[in-house]
Amino acid sequence: MYVVIEGLDFSYMPKEPVLNDVSFSMEEGEIVAILGSSGSGKSTLLRLLSGLEIPSQGHIEINERTLCSATSFVECEDRSVGMVFQDYALFPHMSVEKNIAFGLKKVHKSLRPKRITEMLELVNMTEKRHSYPHELSGGQQQRIALARALAPSPSILLLDEPFSNLDADLKLKIRQELRAIMKLTNMTAIFVTHDYDDAKDIADRIVYLEQGHIVHEEQMNPERK
Amino acid sequence: MRWRRLKHHVNLFSLISVITGLLIVVPMLNILFEIMNPGNETWLHIREHLLMGYVINTLILIGLVAVFSALIGFLSAYVVTRFEFKGRALLSWMLILPLAIPSYIAAYVYADMLSYTGTFSRALRSLHVSHDFNIMSMSGAVFIFVMTLYPYVYMMVRSALSKQSAAFIENARLLGAGKFRQFFQVVLPLVRPALVAGTLLVVLETLNDYGVVAYFNVRVFSFAIFDAWERLGDVGAAIRLSAVLMVIVFVVIFLERFLRGRRRYHLHVKGRPIQRKTLKGINRFILPGALWLMMLLGFFIPLFQLLYYARLTYRTVLNISFVYLTINTLSLAITATLIIIALATILANFNRGNQTAFKKSLLKITNLGYAIPGAVIAIAVLVFFIDIDHRLYPLYRLFNENTARLVLTSTLSMLVFAYVLRFMAIGYNAIEAAYDKVGEKFTEASYSLGHSKLSTLFRIDVPLIKGGLISAAIIVFIDVIKELPLTLILRPTNYDTLATQVFRYAREEMLQETAVPSLMIILIATLLIYGLTHQKKKDVRFHVRRD
Amino acid sequence: MRKSLIFLLVFSVMLVLAGCQLGTSSSDRSITVYSERHYDTDQYLFDLFEQETGIEVRVIDGNADQLINRLDNEGEDTEADVLIIADAGRLHRAKSMDLLQPVHSDVLFNNIPANYRDEDNMWFGLTKRARVLVYHPDRVDPSELSTYEALTEPQFKGRVVTRTSTNIYNQSLMASLIEIMGETEAKAFAAGLTANFARTPAGNDRDQAKYVVEGGADIAIMNTYYIGRMMNSSDRFEQEVANTVKVFFPNQNTSGTHVNVSAAGVTKHANHSEDAIKFIEFLSSETAQSKFASANYEYPVHVNVEIDDLLASWGDFTAQSIPLSVLGEHSYRAAVIMDEVGWE
């Protein structure tokens, strides 16, 4: 198994658990949707995976690397986890190019422009290389956020409500694109959503989260792979 | 599991934050221990004959100053944000200018103008009118404090009002609320936090002041602290009085929290700002006229009076040592400001995210200094530094056999430390507000892209809150150059600043001679306020467009 | 952006360094003086001393209590060699806190009369100030005036003005009266005087004179040297006020006019006590004393030094003959009494 999550507990306040004994695992290249209403703890699960929060108990392992256990904890910046935020969080003081380059710390300077070009081609945004985030539409911003998260080749991609800021027409189109990009790069991805249609269109599997518990899992049509 | 958590929390930021907190709280503990001692004869004397008067006078003073500065600050902000009239843009920033004039300087100037030989009294006498307004009184002190401190309320309310969306008002209208109800049930409650925060600042500044109340003989607590120390020669009683003062401050702060309760006003609602209404009829003259009158009282009258005095005395006062004085003041203020802003940024950074009880209490401690009068901080810091020097003495000996024992105590570091203690809250709150506006997502995005906390601080946080940092720096800088009691007590030998020079002349009853150094302080502060209000607003949008 | 930041940083570091340089120029021999006095004349005399002896004088000024408190806190590590304070009472306080050391200098003994120095030679008076009655000649006939105590009589109801009880000059005046007439009498005086005040005390000494000229009161209790300074004010209206009022020395036929001194002492833990003594001797010398007197409208303590013309024009007077250390001994009781009778 590529991703193993076992017995994850988390609470902000004592005695008000947000997540309670969450366990599941994923294969490499699999896309999983975490589906739940607001307050179900789905965003918190992403924050635990990315290392922005520390679980009170549990074990997280990705690609045979233990990120969190009873005795160890890898900080967010050392996890190599890509994340697309709900409202994208593109750095407003940097151009598109700089935003993508920001994650390429470990890539040699001379190789960065090429990688940026690759990423922009992947999301079909080459002409916006020198634009600033506020000059882009919501859909464009989302693609740049995706490119930025993918650029450092993370071991897993986490997406937090990726469609919540898009209107309905755009949403349909981008869903398809997103799945295509993910499959093209063979990226393992988890995204959280409250919309069953989103989950059904993109994910290979849907995990239902309710009040901090996994209540159900649903495998999508396998032939789509 | 526990130590893993701990390890996660131990980093450069948390370490610096905790050390800062400790450095601030240790000197204060020294003071608190003093309170444990049983009261002596002096304390009994104060309690029997004076304490009641101090409490009543203090409550009257802060009560009146709070009411009037809240009223004036709110109304001027309301007029400036809701109505359009000639000179509005100019007034909108100039109304902050009275902050450039330290209260004690305004007090000296007004007392002199209204004294028998003063400009104002002479002008009236030439018209065969006499006045009996005695400025050296409680009402005079209220006037001085309100006129020099209302900008705190004005600034905060103005910014709250200009952010308030038209949606609230329109909603209220749709719901059929009349103008009166719109104002009291929608406009006022929404700016209430800003109004209260601004007023609280004014009250704390008033409680800290010593210059005005000493000169006017208004017997409030800061006066009492110095009086117990100086006339009765009892530092213990002085410290005890400051403890009582601290209790009053905490009650005031608690009352504010209690009244606010669990309501939240910070709803992030986007939308069009409210259209300003053009003033018509008689109001066209009355409202702007009232604002200009305030500018006149709070800024231009003292300014022109000082300019006149400067003309009388510049020959004797302006010399090479005045240049040194100015350089001293600037270099000291720059050093203190840079340190305060750096520490405040780190603290604000540390305090983002989940609020644990530990973080909350650390924050309260580091912000405590603003509520404590300068004189008390000065004693605390002095005792603390002497203690440190004693402990470090063996270390000094390693470098120099014949070293003096009091190394740090005789340098500027003691004074700078005291400034940090006193003004941390101001820097911190401005920076925290900037962080609040930006939110945490950019920082988290940076972590997720593999950047460390330090790299994120410099590459993401600092550029995004740059405006807030500059504002914080300017406000702290102005406060430092105006500061008097700390500077007076803790500066090294042969070291003078503009403020101590003003005080020195004033104590010698040479008011005319205070003009040149006073004007220098006012000039620097005015330029900075201009810079603050005319900061280039780069259109950096922190929120995405939704389409 | 980055460039301007670096520039700012370099610039501020330079400024800071410059500031430090300006703050502490160094010389081989130096003494540190904690002084409550900070007149331009004092600085002139310090410079003169520096020129004559090559000993640099470093000054830290502040008010008396802050300086004493600082000295106390610093203990044996203090840098201060000399303490100068404009009130004998406060010097007594420093003495009783064990912050001063005795000095045996024949120069000082010769220059300074015995009642203006400490009986244990801990401090030495340098200049005198007299606390007098200042009146408006149109409304007060000098024959009405006699003593401080007489001001409590009914004919002065609502005619007397002076500054607050928190002021050291009034506190010392009360202390001297406690010594002369005893505590009960002194308290009666304070109560009677407070009852005759024309207004609740406020403002500084100059304000009292202005109030008399304005017509709010007829008689002010104030220090002579403020009249001198007002006559020399940069503001010509203040000069007018000073020229209008007249000075009266009270208690000439009884206990004498209240006098206080600015005095200096060598600190207990002085590192340069020899130079410190030299410095005080210099200040008591005839050259320095005439400077004190002429420029600051104070009376010299040195008997041979001529007083300033202006001071001379007010005539000779008899001062209280009590040793000034009693001002310190009674200062606490003086404060308590004034609080008790409601003198604000």
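Of note:
- Restricted to segment A:158-225, the set of strands (runs of 3 or more DSSP E) holding at least 1 residues that are exposed (fewer than 14 other Cβ atoms within 10 Å of the Cβ), over 17 Å from the mean Cα position of the chain (by Cα) and in contact (Cβ under 8 Å) with a residue 40 or more places away in the chain comprises A:213-219.
- Members of segment A:37-79 that are open to solvent by 10 Å² or more (accessible area, probe 1.4 Å) and at positive phi: A:39, A:58, A:63, A:64
- Boolean, residue A:65 is of a type in the set (Lys, Arg) and within 12 Å of chain B (Cβ to nearest Cβ): no
- Residue, farthest from residue A:85 (Cα to Cα), within segment A:34-55, restricted to residues that are part of a loop (DSSP other than H, G, I, E, B) and within 14 Å of chain B (Cβ to nearest Cβ): A:55
- Criterion violated by residue B:503 - all others in (1) open to solvent by 20 Å² or more (accessible area, probe 1.4 Å); (2) free of Cβ contacts under 8 Å to residues at least 60 places away in the same chain satisfied: (2)
- The conditions of being touching a strand residue (DSSP E or B) at 6+ places or on another chain (Cβ under 7 Å) and part of a strand (DSSP E or B) are met by residue C:131.
- Entirely in segment B:53-159, the helices (runs of 4 or more DSSP H) that have 2 or more residues that are within 14 Å of chain C (Cβ to nearest Cβ): B:103-114, B:119-126
- Which listed residue is modelled with pLDDT of 85 or more, touching a helix residue (DSSP H, G or I) at 6+ places or on another chain (Cβ under 9 Å) and of a type in the set (Lys, Arg), from B:459, B:405: B:459
- Condition broken by residue C:119, with the remaining ones in (1) buried (at least 23 other Cβ atoms within 10 Å of the Cβ); (2) among the charged types (D, E, K, R); (3) closer than 17 Å to residue C:261 by Cβ satisfied: (1)
- Residue in segment A:139-148 that is at pLDDT 85 or above, within 16 Å of residue A:189 (Cβ to Cβ), more than 7 Å from chain B (Cβ to nearest Cβ) and touching a strand residue (DSSP E or B) at 6+ places or on another chain (Cβ under 7 Å) present: yes
- Selection status of residue B:325, at pLDDT 85 or above, under 30 Å from residue B:214 (Cα atoms) and open to solvent by less than 50 Å² (accessible area, probe 1.4 Å): yes
- Just one of the listed residues (B:511, B:523, B:527) is of a type outside the set (Gly, Ala, Ser) and either within 14 Å of chain A (Cβ to nearest Cβ) or open to solvent by less than 20 Å² (accessible area, probe 1.4 Å) (or both), and it is B:511.
- Single residue of segment C:47-56 satisfying the filter (touching a strand residue (DSSP E or B) at 6+ places or on another chain (Cβ under 9 Å) and over 12 Å from residue C:278 (Cα atoms)) that is most open to solvent (accessible area, probe 1.4 Å): C:47
- Count of segment C:190-217 residues which are more than 9 Å from every other protein chain (Cβ to nearest Cβ) and open to solvent by 10 Å² or more (accessible area, probe 1.4 Å): 6
- For the condition among the charged types (D, E, K, R), outside any helix (DSSP H, G or I) and under 30 Å from residue C:334 (Cβ atoms), residue B:219 qualifies.
- Candidates B:453, B:466, B:441: the one that is at pLDDT below 85 and within 12 Å of chain A (Cβ to nearest Cβ) is B:453.
- Segment B:293-316: number of residues that are in contact (Cβ under 8 Å) with a residue 12 or more places away in the chain and open to solvent by 90 Å² or more (accessible area, probe 1.4 Å): 2
- Subset tally (residues that are among the small types (Gly, Ala, Ser) and within 26 Å of residue C:213 (Cα to Cα)) for segment C:173-201: 5
- Put simply, of B:213, B:251 the only residue that is part of a helix (DSSP H, G or I), open to solvent by 10 Å² or more (accessible area, probe 1.4 Å) and modelled with pLDDT of 75 or more is B:251.
- Test: residue C:31 is within 11 Å of chain B (Cβ to nearest Cβ) and either under 19 Å from residue B:490 (Cα atoms) or not acidic (Asp, Glu) (or both): yes
- Among residues of segment B:265-284 that are more than 17 Å from residue B:157 (Cα to Cα) and modelled with pLDDT of 55 or more, those with a Cβ under 6 angstrom from a residue that is assigned to a loop (DSSP other than H, G, I, E, B) and not β-branched (Val, Ile, Thr), sequence gap 6+ or separate chain, pair up as B:279/B:85.
- Test for residue C:328: is it within 14 Å of chain B (Cβ to nearest Cβ) and part of a loop (DSSP other than H, G, I, E, B): no
The values are calculated or read from the model by the stated rules, or taken from the named source; none is laboratory data. These figures come from a predicted structure and were not determined experimentally. When we count neighbours, we look across all protein chains shown, and the Cβ atoms used for this are built from the backbone with ideal geometry, even at glycine. All accessible areas refer to the heavy atoms of the entire protein, side chains included, with ligands and DNA or RNA removed. Shrake-Rupley method; radii C 1.70, N 1.55, O 1.52, S 1.80 Å.
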